[in-house]
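Below is one structure, written out as structure tokens; comments come after it.
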Protein chains: 4
Amino acid sequence: MVVFKPRGLVPPVFTPLNDDLTVNYAAITPYAEYLAVNGIKAVLVGGTTGEHMSLSVSERKKVIEEWVKVGSKNGLHIMAQVGGAPMADVLELAKFCASSKVDSLLTLPELYFKPKSVTELVNYVELVAKAAPNLPVLYYHIPSMTKVEINMPAFVAEASDRIPNFMGIKFTSNDLSEGAQVLRTLKNGQEMFLGADTLLAPAALLGIKSSIGTSFNLFPKLAQSILDAITKDDVDKANKLQERLSLAIEAHLPEGDWLPIMKAGMEITTGLNMGPPALPQRPISSEAKKRIISRLKASGIA
Amino acid sequence: MVVFKPRGLVPPVFTPLNDDLTVNYAAITPYAEYLAVNGIKAVLVGGTTGEHMSLSVSERKKVIEEWVKVGSKNGLHIMAQVGGAPMADVLELAKFCASSKVDSLLTLPELYFKPKSVTELVNYVELVAKAAPNLPVLYYHIPSMTKVEINMPAFVAEASDRIPNFMGIKFTSNDLSEGAQVLRTLKNGQEMFLGADTLLAPAALLGIKSSIGTSFNLFPKLAQSILDAITKDDVDKANKLQERLSLAIEAHLPEGDWLPIMKAGMEITTGLNMGPPALPQRPISSEAKKRIISRLKASGIA
Amino acid sequence: MVVFKPRGLVPPVFTPLNDDLTVNYAAITPYAEYLAVNGIKAVLVGGTTGEHMSLSVSERKKVIEEWVKVGSKNGLHIMAQVGGAPMADVLELAKFCASSKVDSLLTLPELYFKPKSVTELVNYVELVAKAAPNLPVLYYHIPSMTKVEINMPAFVAEASDRIPNFMGIKFTSNDLSEGAQVLRTLKNGQEMFLGADTLLAPAALLGIKSSIGTSFNLFPKLAQSILDAITKDDVDKANKLQERLSLAIEAHLPEGDWLPIMKAGMEITTGLNMGPPALPQRPISSEAKKRIISRLKASGIA
Amino acid sequence: MVVFKPRGLVPPVFTPLNDDLTVNYAAITPYAEYLAVNGIKAVLVGGTTGEHMSLSVSERKKVIEEWVKVGSKNGLHIMAQVGGAPMADVLELAKFCASSKVDSLLTLPELYFKPKSVTELVNYVELVAKAAPNLPVLYYHIPSMTKVEINMPAFVAEASDRIPNFMGIKFTSNDLSEGAQVLRTLKNGQEMFLGADTLLAPAALLGIKSSIGTSFNLFPKLAQSILDAITKDDVDKANKLQERLSLAIEAHLPEGDWLPIMKAGMEITTGLNMGPPALPQRPISSEAKKRIISRLKASGIA
């Protein structure tokens, strides 16, 4: 039986690039150490933050391998996202992960021949899950990017019935009402990871205590302190800490798309240089970085 | 200077109808007494729950007048929703309210020649606000019905600058991240009312402690107890009570559209018969009512 | 049995306003004479061009009455659009038309409690049709404004089965593939009016030879000449004339929303002053008018 | 200077599969011969019909190579669609085509990090065009699949300014009004291919005489006869032939998604077996095939 253990805060890791847009594999070791030192126990490789939907299959495999290697040294669970490519490649990646030391899989839905019903989406995830039957498989719900807008409680119910190694979802949506319904639908051992960094505290109140969020790369301790405040029943503190994290994120938002601003913000906040985004995304300007720094200072964060 | 006082839970009242679809004015008095006895201090007349976007101007005026009359006897603040009709009628209703004992106004956006920018929406609300310059005016954001999808923090900022009697918004959306941004944008004395009954607890954690929600008609004390638990820093209790309210609402959802199921639910839960919906909406079947009752019982609510 | 006769080009008439935004009833007579002189046999009163979804019921009735009066003197069939208001008002307007000399009805769908299925939309149109059982009733499909996106071939099939006086639709969409399917679904005596002035020629080739289009107010003879070219099998001429009409329309488009630019264009092209739009719409600037004139001249139209 | 010659009807070719879902390369030769015999002078390899957004890069290359080989024997221009995969793969495919005997390129937009403005889309197409600077490059507009909804006339204007080898678009939309605007925006030597088989005749009337449509695989001569009727100014014949083609297509539509029904229809109509769809799409049932045959017979087509 497949068991899936990670709980709590899981950063989706950036893929560090060199200035010539090749992958900067050497940067992964210090990055992993930084995360481990800051209390992180599991990472997602190849999500939206990792830009694997811009990379070739061979690059994706090498990045995953590198994380498996440095992850084992740092006690990190490695969840790999295999979707965001033609089905043939998604299945190849799933098989690759199944035969490597990857700990769990996450998959986007089909991006072109999009599923139009719960059953069509379960069909897709089932194909991926059968290609890696020994691994826990989770579904990556992010309708803002995929435009696949399927009812998640209904999907989770049918996927749980049909797919033995289906272990949960990453729920990247601000709709905590639907999120709470998903939580009530999950079976024992399955997990839901919120993907909405500005809603950590209110989600935790509803019992959603696991999250995959880009900002955990930048502010791992602040994010953890929000969950801790909820555990300690300190509503006011949870609210204040959440506001601090939200303002930190909002300091970046006016300057561009999510990944380029967060990749810039990672260097601003941690000093770890992640390099430019992979094509077709583009880096933000140095003026934009300065404006982010000003806003962070104005909010008392930087 | 216009002052706006209501805070906390505000039920949007149903418009009771007779079986021949005429308004059942006589039912308003006992309804208002029931709400007052249950701790309610303010009501919204003419919202989605009140179906005023289905009624004629003369019916709307009579319903508002009746609520003003029984409201004063029961200590109820009367907020009247004047939108959802041709602009000529919206302005006439706003003027009518300004010269009656209505306490505050709420307005939907234009439903046909929809605003496409923040400024166009502020223009509209400004026209309504100028027709009732002595009253606090709030904007009714409910994009699921209106398909007017304007950024609310930006709207609130511009409306606050341009409209002296602009006092806040009813935010009918499950996106608490945007809601928290609105809250940070509001000025002193303005208020934001959440319109998302399944998110009372998480919203309260974020400081959003006022709400306008249909279910407060059915479960006023349960809803209040959720806010109380947050005030007392009892996260677990807030979560459990919220789940109870959410399950009560979810017991109705499979049976049809929001207003018909809630009008049926009102009789099921309180015994107060609100009659059928106004055309073009239709009542749910007696079988549907039975299924709602079964689900409420299964969840330990009825 | 209800019979519906109009075919060909039907202008949706503007509602002339005075500068104080009251209706300029006196302008209707010369307007109707201008249309009749230019070969027009039927008009639509109260459509998007007529802005009746901004007016009160009493104004709408007076405008309809005036058109009935001057229409009878000018041999004009009067089709009145009764939708775009609360259901109570829509039904009152339908009854009013049924007892006046209006020749046919058109109705928008419900704008707030929007139909979500073919059957719900047929239910709505049936209510309107039963309020005017002696009149031909047509449905006004304009999803760009209403956001009611129901499959029209399926709607027409069910409406024809259930509503004895259902006589067709105004199809305001650029999707001629769906339009051709509607045409194949219509029964004998029913008619489809295209609402896409830049597609008169290609639609006519597909057999869609009736249209309701704002630009027929400005360019009635040019529009008719397009249909005539198709009748004469002169493809090249039809294309050239259509391009002329399309360029005339495109000369207006950059300057604002449809009604304000067309109301301005009416005066530019015909000298008939329609006044400003009704609230909440606003007139375009005099600079915008000059740019329209320049573009019309550049295209050899003005 | 890059020159792009194909005009008229261009079938987007199916990718024949074996029952085990491997590519059936052997089926390409007789398929190409069938097309050539039926008057086809150019084909699109790797479009939606070709399902290359489901295949791996190596499969795509082999399929393209095979078409280049058999194409040269049959006088076929080979246009290859390289989009629908991670950017790294798209660029690799573009370079592969540039160094092989492919005649022209078509590219989808980015499917995940979707462009949100005209300039972002031009940036993407420019990257692809620079990877194959010796080849004509066209953009594949198909918003129903990609959800990339950018104004095409504005895109064509900017792309033509910035990209020397930008030679046109495949416009897969039923909006012939926007299509006619694109046509007016194109420069000498560029071409627009309609992707709307049910609108061949009305588009041709507007001067849009090139098309890429799945149904040209099934009915190449019928499709050509529609264009011929327009050339001969025979409006009535063009309409009748278009209706025949449209009814043939509509006979398939109720049975599933576009590619599975068309792949089934190809065998029904031509006897050429294209095999099942690539994953994640699934074949239609044999009952569905029988219903298609019945409808084709009822319309007098099969």
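Taking C:LYS147 as the residue in question, decide whether it is surrounded by fewer than 20 Cβ atoms within 10 Å (Cβ to Cβ) and basic (Lys, Arg). Yes: the conditions hold for C:LYS147. Among the residues of segment B:214-221, is there at least one that is assigned to a helix (DSSP H, G or I), surrounded by fewer than 20 Cβ atoms within 10 Å (Cβ to Cβ), out of contact with any helix residue (DSSP H, G or I) (no Cβ under 9 Å at 6 or more places or on another chain) and more than 14 Å from chain A (Cβ to nearest Cβ)? Yes - at least one qualifying residue is present in segment B:214-221. D:PRO86 meets all of the listed conditions (1) open to solvent by 10 Å² or more (accessible area, probe 1.4 Å); (2) within 14 Å of chain A (Cβ to nearest Cβ) but one, namely (1). Of all the residues that make up segment B:254-266, how many are in a helix (DSSP H, G or I) and within 14 Å of chain C (Cβ to nearest Cβ)? Number satisfying all stated conditions: 6. Restricting attention to segment B:29-69, the residues that are touching an Asp or Glu at 6+ places or on another chain (Cβ under 9 Å), away from chain C (no Cβ under 14 Å) and among the hydroxyl-bearing types (Ser, Thr, Tyr) total 1.
Looking at segment D:90-103, which of its residues are more than 14 Å from every other protein chain (Cβ to nearest Cβ), more than 15 Å from D:GLU126 (Cα to Cα) and surrounded by fewer than 24 Cβ atoms within 10 Å (Cβ to Cβ)? D:SER99, D:SER100, D:LYS101, D:ASP103, listed by residue number.
What do you reckon, is B:LEU106 free of Cβ contacts under 8 Å to residues at least 60 places away in the same chain, closer than 21 Å to B:ILE212 by Cβ and crowded, with 22+ Cβ neighbours inside 10 Å?
Details: free of Cβ contacts under 8 Å to residues at least 60 places away in the same chain: no; closer than 21 Å to B:ILE212 by Cβ: yes; crowded, with 22+ Cβ neighbours inside 10 Å: yes.
No: the conditions fail for B:LEU106.
Does segment C:18-54 hold any residues that are closer than 22 Å to C:PRO283 by Cβ, open to solvent by 10 Å² or more (accessible area, probe 1.4 Å) and in contact (Cβ under 8 Å) with a residue 24 or more places away in the chain, and which are they?
Within segment C:18-54, the first condition is being closer than 22 Å to C:PRO283 by Cβ, and the residues that meet it are C:18-28, C:30-31, C:34, C:45-54.
If we keep only those that are open to solvent by 10 Å² or more (accessible area, probe 1.4 Å) as well, we get C:18-27, C:30, C:34, C:48.
Correct list: C:ASN18, C:ASP19, C:LEU21, C:VAL23, C:ASN24, C:TYR25, C:ALA27, C:PRO30, C:TYR34, C:THR48.
Restricting attention to segment C:222-240, the residues that are within 21 Å of the chain's Cα centre (by Cα) and either buried (at least 20 other Cβ atoms within 10 Å of the Cβ) or within 24 Å of C:ARG291 (Cα to Cα) (or both) add up to 4.
Inside segment C:190-206, residues that are within 14 Å of chain D (Cβ to nearest Cβ), assigned to a loop (DSSP other than H, G, I, E, B) and not aliphatic (A, V, I, L, M) make up a count of 1. With respect to B:LEU247, determine if the residue is open to solvent by 20 Å² or more (accessible area, probe 1.4 Å), touching a residue at least 24 places away in the same chain (Cβ under 8 Å) and within 11 Å of chain A (Cβ to nearest Cβ). Yes. In summary, C:ASN123 fulfils each of the numbered conditions (1) in contact (Cβ under 8 Å) with a residue 12 or more places away in the chain; (2) within 12 Å of chain B (Cβ to nearest Cβ) with the single exception of condition (1).
Conditions (1) among the aliphatic types (A, V, I, L, M); (2) within 30 Å of B:GLU158 (Cα to Cα), marked per residue:
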{"residue": "B:THR172", "(1), (2)": "no, yes"}
{"residue": "B:GLY179", "(1), (2)": "no, yes"}
{"residue": "B:LEU205", "(1), (2)": "yes, yes"}
{"residue": "B:SER211", "(1), (2)": "no, yes"}
{"residue": "B:GLU250", "(1), (2)": "no, no"}
{"residue": "B:MET274", "(1), (2)": "yes, no"}
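So which of D:LYS170, D:LYS232, D:LYS187 is on the phi < 0 side of the Ramachandran plot, out of contact with any strand residue (DSSP E or B) (no Cβ under 6 Å at 6 or more places or on another chain), away from chain C (no Cβ under 11 Å) and not aliphatic (A, V, I, L, M)? Please lay out each step first, then the result.
Working: D:LYS170 fails: out of contact with any strand residue (DSSP E or B) (no Cβ under 6 Å at 6 or more places or on another chain); D:LYS232 fails: away from chain C (no Cβ under 11 Å).
Matching residue, one of D:LYS170, D:LYS232, D:LYS187: D:LYS187.
The residue of segment D:154-195 that is farthest from D:VAL3 (Cα to Cα), among those that are open to solvent by less than 10 Å² (accessible area, probe 1.4 Å) and of a type in the set (A, V, I, L, M), is D:LEU176.
Would you point out the residue of segment A:251-302, among those that are of a type in the set (Ser, Thr, Tyr) and closer than 16 Å to A:PHE219 by Cβ, that is surrounded by the most Cβ atoms within 10 Å (Cβ to Cβ)? Talk me through it step by step, then tell me what you get.
First pass over segment A:251-302, keeping only residues of a type in the set (Ser, Thr, Tyr): A:269-270, A:285-286, A:294, A:299.
Now restrict to residues that are closer than 16 Å to A:PHE219 by Cβ: A:269-270, A:299.
Working: A:THR269: 20, A:THR270: 17, A:SER299: 15.
Looking at residues that are of a type in the set (Ser, Thr, Tyr) and closer than 16 Å to A:PHE219 by Cβ, I get A:THR269.
With respect to the conditions (1) open to solvent by 30 Å² or more (accessible area, probe 1.4 Å); (2) touching a helix residue (DSSP H, G or I) at 6+ places or on another chain (Cβ under 7 Å); (3) closer than 21 Å to A:SER54 by Cα, D:HIS141 falls short on a single one, namely (1). Only one entry in A:ALA132, A:ALA180 is more than 11 Å from chain B (Cβ to nearest Cβ) and more than 18 Å from the chain's Cα centre (by Cα), namely A:ALA132. Identify, please: which residue in segment A:267-302 is away from every other protein chain (no Cβ under 13 Å), closer than 17 Å to A:LEU245 by Cβ and not in a helix (DSSP H, G or I) and is, among those, modelled with the lowest pLDDT? Looking at residues that are away from every other protein chain (no Cβ under 13 Å), closer than 17 Å to A:LEU245 by Cβ and not in a helix (DSSP H, G or I), I get A:ALA302.
The values are calculated or read from the model by the stated rules, or taken from the named source; none is laboratory data. Only a predicted model underlies this, so the values are computations on that prediction, with no experimental measurement involved. For neighbour counting, all protein chains shown are included, and Cβ atoms are generated from backbone atoms with ideal geometry for every residue, glycine included. Just the protein is used for accessible areas: all its heavy atoms, side chains included, with ligands, DNA and RNA removed. Shrake-Rupley method; radii C 1.70, N 1.55, O 1.52, S 1.80 Å.
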